[in-house]
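Readers should treat all values here as calculations from the given coordinates under stated rules, not as data from a laboratory. Predicted model, so just to flag it, every value in this text is computed and none were measured. FYI the Cβ positions are ideal-geometry reconstructions off the backbone, even for glycines, and counts take in every protein chain you see.
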Amino acid sequence: MLQRLFKLAENRTSAGREVFAGVATFTAMAYILAVNPAILMNGFGADPAIGTDPASASFLATKGALVTVTALTAAVSTLLMALLTNFPLALAPGMGINAFFAFSICLGAGVRWQEALGMVFINGCVFLALSLTGVREKIVRCIPYPLKIAVTCGIGIFIAFIGLKNAGIIVANPATLVAPGNFAEGPVALALAGIALVLLLVARRVPGAIIIGLAVITVAGIFVPDGQGGSVTRWPEQVFALPASPAPVLFKLEFGFLQSAESFLKVLPLILTLLLVDMFDNIGTLIGVTKRAGLLDADGHLPKANRALLADSMAAILSSLLGTSTVVSYIESASGVEAGGRTGLTAATTAGLMLLALFATPLILIVPAAATAPVLVVVGVFMLQTVTEIDMGDFRVAAPAVLTIIGIPLTFSIAEGIGLGLIAAALLALASGKPRAFTVTGYVIAAVFFLEFFHIFPFSG
């Protein structure tokens with residue numbers, strides 16, 4: 001059955017190798033089960049009905065639900081990709097997009113998390129339409145490649161900043177904006193030790209380095225005081241249990257922003273940013289992983305690309321219905337490819353392990369910020385490494401890229417950073433007498449951001 005379904009012989013692989021590769025992929029990306037809920041709770045916690053007290057029943061129920069839906073969306077989306085494409089590609093709620101959801105949409109724009117999920121749903125529906133018509137790839141091509149890389153780099157710094165902030169390694173300062181935290185405090189010292197540990201493990205190419213570091217710091221936190229009479233990590237009442245109910249977030253999406261032109265125009269740049277970030281993330285990962293797996297044809301094109309785009313479009317819709325931020329293809333899939341994975345059986349194995357991990361939800365819920373901070377910092381480093389692909393020797397390339405890279409973390413908004421870069425690229429193309437260096441679609445997107453920045457929309461505030 002496996003041979004017929006996944007064409008193992010045609011891809012010169014075996015069931016054993018594919019299963020092993022699936023375990024490798026799961027080990028590399030399992031951190032998302034703890035990190036995604038931790039990030040999203042910043043936005044969900046803005047709801048007074050949930051609150052920010054980590055010991056309250058509503059907070060714990062919501063965070064538990066997010067663990068469940070994170071695993072469910074990852075498992076179902078990954079299995080969908082496996083069956084539609086037979087690619088060894090895993091999907092899960094995207095790093096960067098979850099931060100945008102929590103900090104830019106919910107906290108920054110003051111959008112309720114239920115309506116933010118509605119925006120994710122619309123994003124998925126638009127994705128599906130664009131994918132079926134072939135327009136999606138054309139939109140991706142209209143953005144200069146250096147800007148796509150710059151967005152990835154800016155999001156990397158943004159994610160690392162969030163990790164440092166959540167762990168107390170950096171704190172707010174009215175004079176200098178940020179300042180070092182108290183490194184002598186137990187949670188801060190533990191987070192710093194975690195960063196050092198994960199950096200060392202990654203540098204030595206230890207398989208599953210990130211999840212090992214997360215586990216070690218979580219266990220160490222049991223013995224480190226939190227300064228409030230307890231420990232950084234609180235021992236769970238039980239180790240294994242049935243998955244937490246997804247009810248607190250399941251099918252909670254709302255569409256209040258569609259009730260008037262004023263409210264829709266207010267969130268339009270946010271929806272546009274969701275589209276752009278998701279496009280860059282998925283296309284880049286899809287090409288990168290499949291290239292390493294040797295799945296591209298002689299011309300460098302990806303067979304069944306339309307099916308892959310269809311799968312992640314459907315995954316985006318699914319994520320909004322279940323109650324989490326947008327699902328994307330994961331670069332950690334490369335770990336499975338390096339282990340020999342060549343077919344959808346690798347992805348199907350990863351999906352199955354995601355579901356099994358749900359029975360360890362009590363352990364996932366005790367992971368402290370001191371343990372997730374190193375993950376965010378290291379993932380940020382991974383994303384920033386691509387900066388070498390930007391030609392900084394060409395000022396017309398460097399200026400928009402740098403504005404994007406620094407704009408995302410300094411404005412604490414992925415949307416603002418992308419907008420700055422696109423506007424700069426459009427202006428430089430026009431001013432240098434080379435308007436065709438930028439596409440018509442690119443000019444339109446830049447114009448939308450310009451109108452929003454200067455509140456020229458008819459109903460903008």
> Within straight cross-link reach of K165, meaning Cα distance under 17 Å, which aspartates and glutamates are found once same-chain residues fewer than 8 apart are removed?
Replying inline: E185, D226
> Where in the chain are the DSSP H helices whose C-alpha atoms run 27 Å or more along the long axis and whose mean Kyte hydropathy is at least -0.5?
Replying inline: 57-85, 113-133, 145-166, 261-292
> If you place +1 on the Cβ of every Lys and Arg, -1 on the Cβ of every Asp and Glu, and leave all else neutral, what size is the dipole of the chain about its Cα centre, to the nearest 20 Debye?
Replying inline: 880 debye
> Looking at L84, L5, T346, which one has the Cα that reaches farthest to the positive end of the dipole of the chain (charges on Cβ: Lys, Arg +1; Asp, Glu -1)?
Replying inline: L5
> Too long at a 22 Å Cα-Cα cut-off: which of K266/K434; K7/K304; K148/K434?
Replying inline: K266/K434
>> Can you give me the long-range amide H partners of S231? Hydrogens built in the peptide plane at 1.01 Å from N, cutoff under 5 Å, separation of 5 or more residues or another chain.
In response: D226
> Going by how many other beta carbons lie within 10 Å of each one, how would you line up V397, V367, V198, fewest first?
Replying inline: V397, V367, V198
>> Using Cβ contacts closer than 10 Å as the measure, can you line up Y31, Y443 from fewest to most?
In response: Y443, Y31
>> Could you list V381, V135 so that the one with the fewest beta carbons within 10 Å of its beta carbon is first and the one with the most is last?
In response: V135, V381
>> If each residue of separation counts as 0.36 nm, what is the full-extension length gain between L132 and A57 once their alpha-carbon separation is subtracted?
In response: 22.7 nm
>> Report the Cα centroid-to-centroid distance between the range 230-261 and the range 329-378 in angstrom, as an integer.
In response: 19 Å
> So which trypsin sites (Lys or Arg not before Pro) in the range 186-246 end up in coil per DSSP with only 14 or fewer other C-beta atoms within 10 Å?
Replying inline: R204, R205
> Taking the mean number of other Cβ atoms within 10 Å as a proxy for protection, how do you rank 341-347, 383-389 from highest to lowest?
Replying inline: 341-347, 383-389
> Per-residue ellipticity at 222 nm for the chain, helices alone: DSSP H runs ≥ 4 residues times -39500 (n - 2.57), over residue total, nearest 500 deg cm²/dmol?
Replying inline: -20000 deg cm²/dmol
> Taking amide H positions as placed 1.01 Å from N in the peptide plane, with prolines and chain starts having none, which residues 5 or more places from A92, or on another chain, fall under 5 Å of its amide H?
Replying inline: V328, Y330
> Highest mean first, what order results for 415-427, 118-130, 257-269 on Cβ atoms within 10 Å?
Replying inline: 415-427, 118-130, 257-269
> Using modelled backbone amide H atoms (1.01 Å from N, in-plane), which distant-in-sequence or interchain residues come within less than 5 Å of V171's amide H?
Replying inline: A179, G181
> FRET efficiency for D394 and A447, Cβ-Cβ distance as r, R0 = 25 Å, nearest 0.05?
Replying inline: 0.55
> What full-extension length gain, to one decimal in nm, is calculated for T176 and F251 as 0.36 nm per residue of separation minus the Cα-Cα distance?
Replying inline: 22.7 nm
> Can you give me the pair-distance distribution of the chain, C-alpha pairs, 20 Å bins, whole percents?
Replying inline: 25, 59, 16, 0
> How far apart, in nm, are two points set 7 Å out from the Cα along the Cα-to-Cβ line at L427 and at A241?
Replying inline: 5.4 nm
> What FRET efficiency, computed as 1/(1 + (r/R0)^6) with R0 = 41 Å and r the Cβ-Cβ distance, is obtained for E338 and F454, rounded to the nearest 0.05?
Replying inline: 0.30
